[in-house]
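Below you'll find the structure, written out as structure tokens, and then a few comments.
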């Protein structure tokens, strides 16, 4: 079974300075754009993060400061990447929780308001964990019957992820071969912001998903404790989370007022 595409799907992987989307930066990316006609375009780039790469991160992906000293920054390439990614859906491995939020943060830091509302997200790890809980190397071995060489190389991980998604569609008859179904199956449709700080409840109301107000509707908290908005805007939250929160606040203000 082949995945049916109605618009381009970008399969991607990032190597970074760390796992904090608010603080860390991308040092390498690899993108495969699969078009509805089956043609492919790729982008491979190492990037200067503008700060030292921690030794513990370099030990994982093998990229050290001297490897990226003369490379462009993400901001240097941001307009080019934004054009490449226009009207695309996304797929990756653990991409819903990390890679895509990290990518969006980099666009925001480059002063590009990267559009996320209309995107669909397919996370091969989420499918894998729902079906066969393991990691990327095990997933590649299980679905593709191959050993993953050069793990933690953005290119190798990205190409393996694309093979895994295609193999998952063949293996599981209950998976529909379209991005809309896989987006919902991966659980991304329940998130209001990419970091999962705000989610939809069973009534499709945006509610906080952390802290003392976990489970409470955002609009109710904004009315009862307006200072909570200011606290979040000044806090160490992703820019995209702050953007979503501001949008919810403005929507409520335009309808009922606080």
Legend entry - Kirkwood Rh in Å, taken over region 198-255 so that all alpha-carbon pairs contribute: 11.5 Å
Inset, instruction - Take the alpha carbon gyration tensor of region 118-258, find the square roots of its eigenvalues, order them as a ≥ b ≥ c, and report rounded if a/c is under 1.5; if not, report prolate when a/b exceeds b/c, else oblate. - result: prolate
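Please rank 119, 46, fewest neighbouring Cβ atoms within 10 Å first, as an exposure proxy. Could you put the intermediate results ahead of the total?
Working: 119 20, 46 17.
Taking fewest neighbouring Cβ atoms as first place, the list is 46, 119.
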Legend entry - Within a Gaussian network of the chain (alpha carbon springs, distance under 10 Å), most fluctuating of 203, 97, 171: 203
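Find the Rg to Rh ratio for region 9-190, where Rh is the Kirkwood radius over alpha-carbon pairs and Rg uses the same atoms. Numbers along the way, then the final one.
On the way: Rg = 16.0 Å, Rh = 16.8 Å.
When Rh is taken as the Kirkwood radius, the ratio is 0.95.
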Inset, instruction - Determine the calculated [θ] at 222 nm for the chain from helices alone, applying -39500 (n - 2.57) to every DSSP H run no shorter than 4 residues and normalising by the residue count; nearest 500 deg cm²/dmol. - result: -12000 deg cm²/dmol
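Suppose we keep just the DSSP beta bridges with both residues in the chain; what percent of those would be antiparallel, to 5?
Numbers: 20 of 27 bridges.
The antiparallel fraction comes to roughly 75 percent.
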Inset, instruction - Pairs of Cα atoms under 8 Å, at least six residues apart: use those to get the relative contact order of region 9-190, whole percent. - result: 23 percent
Inset, instruction - Return 4, 27 ranked ascending by Cβ neighbour count within 10 Å, so the fewest neighbours appear first. - result: 4, 27
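Fewest Cβ neighbours within 10 Å first, please rank 103, 245 accordingly.
Going from sparsest to densest Cβ surroundings: 245, 103.
Each value in this text was obtained by applying a stated rule to the coordinates, not by laboratory testing. In this text the structure is predicted, and so the values were computed from the model without any measurement. Every residue, glycine among them, receives a Cβ derived from its backbone with ideal geometry; neighbour counts consider all protein chains shown.
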